[in-house]
Amino acid sequence: MTKKLMKGSEAIGEAAVQAGCHLFFGYPITPQNEIPEYMSMRLPQVGGTFVQAESEVAASNMLYGAAGSGERVMTSSSSPGISLMAEAISYLAGAELPVVIVNIMRGGPGLGGILPSQSDYFQATKGTAHGDFRLLVLAPWSVQEAANLVQDAFDLADYYRNPVLILGDGLIGQMMEPVEFADSREPIKVLPPKTWAATGHNGSKPRSVINSLFLDPEELERHNFHLKEKYDRMERDEVRYEAHGLDTDYDVLIVAYGTVARVCLTALEELAEEGVKVAMVRPVSLFPYPSAAVREAAAGAKAVLVVELSMGQMIEDVRLAVGRSKPIHFLNRVGGMLISPDAVIDKIRAIEDGSSEEVRHA
Amino acid sequence: MFDKRVTVLVGHFGSGKTEIALNLAMDLASRGLPVTMADLDVVKPYFRTRSARGLLTESGIELLAPDGSNLHADLPIIVPQIRSHLRRSDRKLIIDVGGDDVGARVLGSLSDVVPVAETECFLVVNFRRPSTPDPRSAAAMVRQIEAVGRLPVTGLISNTHLLDETTLEIVVEGLQSARKTAELLDIPVVAAAASEVLADELRTVIDEPVLALRRIVMPPFDMPKHRAAGPLFVVN
């Protein structure tokens, strides 16, 4: 197909439609309003349905109902809106419903601001809501990758019968880049028919029940072990990351995700011209986290630098990966302030000359 | 072109109005013209003219846009000074209108003070944007914008590009679609915009005036210099 110049939000919407998502339920919040706006324009063209719900709570529960029918469904929101959806997301995970949820993060806590942020890392990867469950979390760094990951997300959601979260900072939703969609696309997983879907009993098959309530403790325990087995398989099979500069010697290993990693890449390339050797591991899947890749890459470095638009939420996962084997340094901006390539370059120089303080261990 | 007292830039969402408005203002100001820019964008939350306040101030350009704590608000704020500038001013006024007919509605609310005879209104169009794939859809957008903006579109600025992946062929192909759109509407293509890199070559193959654009609106990882770490989506 012809390459188009698209906003991230538009590309996310189009990717979903082309992945067969014909149902969208949402509620407006900046900076992701262009996703529901695009879907409200596009879904009627393909015989789909767009519903602007009365709240995020309503939208996420509509998602639950629609996903129960076996259809591909999506919602999108930004940080505070995802918090409102949290209860339903736990229900979706408990009832094993495949849905795609997009969070275009803005600064917090509370209402915060409307500018880009990555401060929902904990929420996305560790504590979205109550109960033992995990979301599969994918974090794009470009508009094209956002489109590709949304399409993969629908396959992964169906395959694992689990909600998949696309986690983008505000820039991912708002910036424009060239995007190309393939004329046709094969699913990335072998997807069995959705025999579990509640599509009508007809007296001919067992009733499909969509439910997350298990009052029998033995049954609920079995259900929890079954869910855990899925998360273990995700950790085994769905780790995604991108490595830069690992093939030559390097002193500092950067770990960064999303558009921040692009800022770091600009810095890394400029430093390489000066002969300063830096490498980067960019996690694409945040759960499962590419722990082995970070650990192995860190082994070849003198120090690790974590760069984020949050107060150090990803440091925990980096520390779990590298332990106390290497000093970890940290660079961040929050509240909608952005990190410049120059700030990354200055930080690397400070690590090299010993003037940067490492992050303290607990 | 650009010789009327008021230049209004309208167009679809993401067509390049802000980039062209900023370049135009900088160009006119560098030639000693007193320039005022008005940011009427109530559509997009980032990458607005107001983000370039530092750059504009440095160039002596007056900016009419929400300021202070409202600078980064997603509220439909129209600063009142725009009305007085439209009524009477000895400065060149460039108005950056928000995208689509939704954005043009703000322009419509000012129709009682827009000096139509002293105003040129140009539609910026990029045929690589999904909402305007062909001349018919671009012409339809002109009609929608005129209806709610209550101002006739007097010309087209061809701005087809794919950012860093733009080739001369892409620009010329877009210009051909712009010419067809202009025919449908019986208005001229007043200029074709292109990056500074492509502008000279473009001049040798087309008859329309070429607007050489310096990229001002960009995300932080693309910024070539002056890389402030603030919430700035423009080179400042």
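The values are calculated or read from the model by the stated rules, or taken from the named source; none is laboratory data. Treat the numbers as computed from the prediction; the structure is a model and nothing was measured. FYI the Cβ positions are ideal-geometry reconstructions off the backbone, even for glycines, and counts take in every protein chain you see. In case anyone asks, the SASA skips ligands and DNA or RNA and just uses the protein heavy atoms, side chains included. Shrake-Rupley method; radii C 1.70, N 1.55, O 1.52, S 1.80 Å.
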**Message:** For segment A:151-189, give me each residue that is more than 20 Å from B:L163 (Cα to Cα), among the acidic types (D, E) and within 14 Å of another protein chain (Cβ to nearest Cβ).
**Reply:** A:D169
**Item:** Positions within segment B:1-19 being open to solvent by less than 10 Å² (accessible area, probe 1.4 Å) and away from chain A (no Cβ under 14 Å), in sequence order
**Value:** B:V6, B:T7, B:V8, B:L9, B:V10
**Request:** Just give me the residues in segment A:86-107 being over 25 Å from A:D132 (Cβ atoms) and open to solvent by 10 Å² or more (accessible area, probe 1.4 Å), in sequence order.
**Result:** A:R106
**Conditions (1) in a helix (DSSP H, G or I); (2) without any contact (Cβ under 8 Å) to a residue 12 or more places away in the chain: number failed by A:A157** = (2)
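Let's see how each residue does on (1) among the hydrophobic types (A, V, I, L, M, F, W, C); (2) open to solvent by 60 Å² or more (accessible area, probe 1.4 Å); (3) within 15 Å of A:L149 (Cβ to Cβ):
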| position | (1), (2), (3) |
| --- | --- |
| A:T195 | no, yes, no |
| A:A198 | yes, no, no |
| A:N202 | no, yes, no |
| A:V209 | yes, yes, no |
| A:D216 | no, yes, no |
**Message:** Can you confirm whether A:I114 is in a strand (DSSP E or B), in the same structural domain as A:G13 (by TED's automatic domain parsing) and over 19 Å from A:L23 (Cβ atoms)?
**Reply:** no
**Request:** With the checklist (1) more than 14 Å from chain B (Cβ to nearest Cβ); (2) at pLDDT 95 or above; (3) open to solvent by 10 Å² or more (accessible area, probe 1.4 Å) in hand, flag the one item A:I328 doesn't pass.
**Result:** (3)
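Can we say B:S177 is over 18 Å from the mean Cα position of the chain (by Cα), without any contact (Cβ under 8 Å) to a residue 60 or more places away in the chain and crowded, with 16+ Cβ neighbours inside 10 Å?
On the way: over 18 Å from the mean Cα position of the chain (by Cα): yes; without any contact (Cβ under 8 Å) to a residue 60 or more places away in the chain: yes; crowded, with 16+ Cβ neighbours inside 10 Å: yes.
Criteria met by B:S177.
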**segment B:42-80 - residue that is within 14 Å of another protein chain (Cβ to nearest Cβ), of a type in the set (D, E, K, R) and touching a strand residue (DSSP E or B) at 6+ places or on another chain (Cβ under 7 Å) and, of those, nearest to A:Q174 (Cα to Cα)** = B:R48
**Asked** What pairs can you find where one residue is in segment A:104-126 and under 19 Å from A:I339 (Cα atoms), the other is open to solvent by less than 10 Å² (accessible area, probe 1.4 Å) and of a type in the set (D, E), and their Cβ atoms are less than 7 Å apart, with a gap of 6+ or different chains?
**Response** A:M105/A:D169; A:P116/A:D169; A:S117/A:D169; A:Q118/A:D169; A:Q118/A:E308
**Residues of segment A:110-124 satisfying the condition of being open to solvent by 10 Å² or more (accessible area, probe 1.4 Å) and either farther than 13 Å from A:L309 by Cα or within 14 Å of chain B (Cβ to nearest Cβ) (or both)** = A:G110, A:L111, A:G112, A:G113, A:I114, A:L115, A:Q123
**Selected residue [in contact with a Ser or Thr (Cβ under 8 Å, 6 or more places away or on another chain) and of a type in the set (F, W, Y)] from A:Y231, A:Y257, A:Y250, A:Y241** = A:Y241
**Asked** From the set of residues in segment B:46-65 that are assigned to a loop (DSSP other than H, G, I, E, B) and surrounded by fewer than 18 Cβ atoms within 10 Å (Cβ to Cβ), which is modelled with the lowest pLDDT?
**Response** B:S59
**Fill in**
Taking segment A:211-248 and keeping only residues that are assigned to a loop (DSSP other than H, G, I, E, B) and either farther than 30 Å from A:A272 by Cα or out of contact with any strand residue (DSSP E or B) (no Cβ under 9 Å at 6 or more places or on another chain) (or both), one is left with A:N211, A:S212, A:L213, A:F214, A:L215, A:D216, A:E238
**Message:** Just to verify a result, which residue in segment A:63-80, among those that are out of contact with any strand residue (DSSP E or B) (no Cβ under 7 Å at 6 or more places or on another chain) and away from chain B (no Cβ under 14 Å), is surrounded by the fewest Cβ atoms within 10 Å (Cβ to Cβ)?
**Reply:** A:G65
**Fill in**
Taking segment A:264-296 and keeping residues modelled with pLDDT of 95 or more and either of a type in the set (S, T, N, Q) or closer than 14 Å to A:S142 by Cα (or both) leaves A:C264, A:L265, A:R282, A:P283, A:V284, A:S285, A:S291
**Request:** Tell me, please, whether a residue that is within 14 Å of chain B (Cβ to nearest Cβ), open to solvent by less than 40 Å² (accessible area, probe 1.4 Å) and polar (S, T, N, Q) can be found in segment A:1-10.
**Result:** yes
**Asked** Does A:T248 meet the test of being open to solvent by 40 Å² or more (accessible area, probe 1.4 Å) and either of a type in the set (D, E, K, R) or closer than 20 Å to A:P98 by Cα (or both)?
**Response** no
**Prompt:** What number of residues in segment B:84-114 are part of a helix (DSSP H, G or I) and not polar (S, T, N, Q)?
**Reply:** 12
**Item:** Residues of segment A:331-347 classified as facing another protein chain (nearest Cβ under 7 Å) and either at negative phi or in a strand (DSSP E or B) (or both), total
**Value:** 8
**Complete:** Going through segment A:153-182 in order, the residues found to be buried (at least 24 other Cβ atoms within 10 Å of the Cβ) and of a type outside the set (A, V, I, L, M) are A:F154, A:P163, A:G168, A:D169, A:G170, A:G173, A:Q174
**Request:** Identify the single condition in (1) within 14 Å of another protein chain (Cβ to nearest Cβ); (2) over 18 Å from the mean Cα position of the chain (by Cα) that B:R129 does not satisfy, given that it satisfies every other one.
**Result:** (2)
**Message:** Given the options B:E196, B:E165, B:E201, name the one that is surrounded by fewer than 21 Cβ atoms within 10 Å (Cβ to Cβ) and within 14 Å of another protein chain (Cβ to nearest Cβ).
**Reply:** B:E165
**Message:** Residues to consider are A:S60, A:S40, A:S83; find the one that is part of a helix (DSSP H, G or I), within 19 Å of A:Q123 (Cβ to Cβ) and open to solvent by 10 Å² or more (accessible area, probe 1.4 Å).
**Reply:** A:S83
**Item:** Given (1) out of contact with any Ser or Thr (no Cβ under 9 Å at 6 or more places or on another chain); (2) closer than 27 Å to B:P209 by Cα, index of the condition B:M37 fails
**Value:** (1)
**Request:** Kindly establish whether A:A279 is assigned to a strand (DSSP E or B) and away from chain B (no Cβ under 14 Å).
**Result:** yes
